[in-house]
Amino acid sequence: MKMVSAVIKPFKLDDVREALSDLGVQGITVTEVKGFGRQKGHTELYRGAEYVVDFLPKVKIELAVPDDLLERVIEAISTAAKTGKIGDGKIFVCNLEQAIRIRTGETDAEAL
């Protein structure tokens, strides 16, 4: 099993959710986050005054997937979240040692 975390632009969330749903992914966790990458924020103009926005709003998606579904999940997220512009986000994949469904006590793949 793998834990997939993706940081994407907020307006792409619905597209990514639909793409994952089409693959049969049953559960995701979504968190509103702020951060910056290579662009290190940007400068905006408000009422004639310039100010720097250091941390840009993003959405973090986390999901646990079986190994055989991993490549399709990565492809689905990449395709759905891509705008072709700076700040599209990143996908991180980690090994997931164990998963337990609290209600039933099911473990690992059955818990997903």
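For Lys82, a cut-off of 16 angstrom between C-alpha atoms picks up these aspartates and glutamates, skipping any fewer than 8 places away in its own chain: Asp14, Asp15, Glu18. Relative to the longest principal axis of the C-alpha atoms of the chain, give the angle of the C-alpha long axis of helix 70-81, reported between 0 and 90° and rounded to the nearest 10°. Roughly 30 degrees, rounded to the nearest 10. Just checking the listed ones, Ala49, Ala76, Ala64: in the Gaussian network model of the chain with Cα springs under 10 Å, the one fluctuating most is Ala49.
Would you mind counting up the charge near Glu32? Only other residues with Cβ under 14 Å from its Cβ, with Lys and Arg at +1 and Asp and Glu at -1.
Details: positive: Lys9, Lys12, Lys34, Lys58, Lys60; negative: Glu62.
Computed value for this residue: +4.
A probe of 1.4 angstrom, applied to the heavy atoms of all protein chains, finds Phe11 with accessible area near 140 square angstrom.
With all protein chains present and a 1.4 Å probe, how do Val65, Val30 order by accessible area, largest first? Walk me through the numbers before you get to the answer.
Details: Val65 0, Val30 70 Å².
Sorted descending by solvent-accessible area, the residues read Val30, Val65.
Checking every one of the GluC sites (Glu not before Pro) in segment 52-107 against DSSP loop status and a limit of 13 other Cβ atoms within 10 Å picks out Glu97, Glu106.
Test of understanding: in a Gaussian network model of the chain with alpha carbons linked when under 10 Å, which of Ile77, Ile61, Ile100 would top the mean-square fluctuation ranking? It is Ile100. For the chain, the fraction of 1.4 Å probe accessible surface lying on carbon and sulfur atoms is 51 percent. A probe of 1.4 angstrom, applied to the heavy atoms of all protein chains, finds Arg72 with accessible area near 130 square angstrom. Taken along the Cα-to-beta-carbon direction at a fixed 7 Å, the label points for Thr79 and Asp14 span 2.0 nm. Taken along the Cα-to-beta-carbon direction at a fixed 7 Å, the label points for Phe92 and Ala111 span 2.0 nm.
With a 1.4 Å probe and all protein chains kept in place, how do Asp88, Asp108 rank by accessible area, largest first? Walk me through the numbers before you get to the answer.
Working: Asp88 30, Asp108 60 Å².
Output order, biggest surface exposure first: Asp108, Asp88.
Take the Cα of Ala99, step 7 Å toward its Cβ, do the same at Val52, and the gap between the two points is 4.1 nm.
The values are calculated or read from the model by the stated rules, or taken from the named source; none is laboratory data. Being a predicted model, the structure only gives us computed values, none of them experimental. Note that each Cβ is placed from the backbone with ideal geometry, even for glycine, and that neighbours are counted across all protein chains shown. Each accessible area value is taken on the protein alone, full model and side chains, heavy atoms only, with ligands, DNA and RNA left out. Shrake-Rupley method; radii C 1.70, N 1.55, O 1.52, S 1.80 Å.
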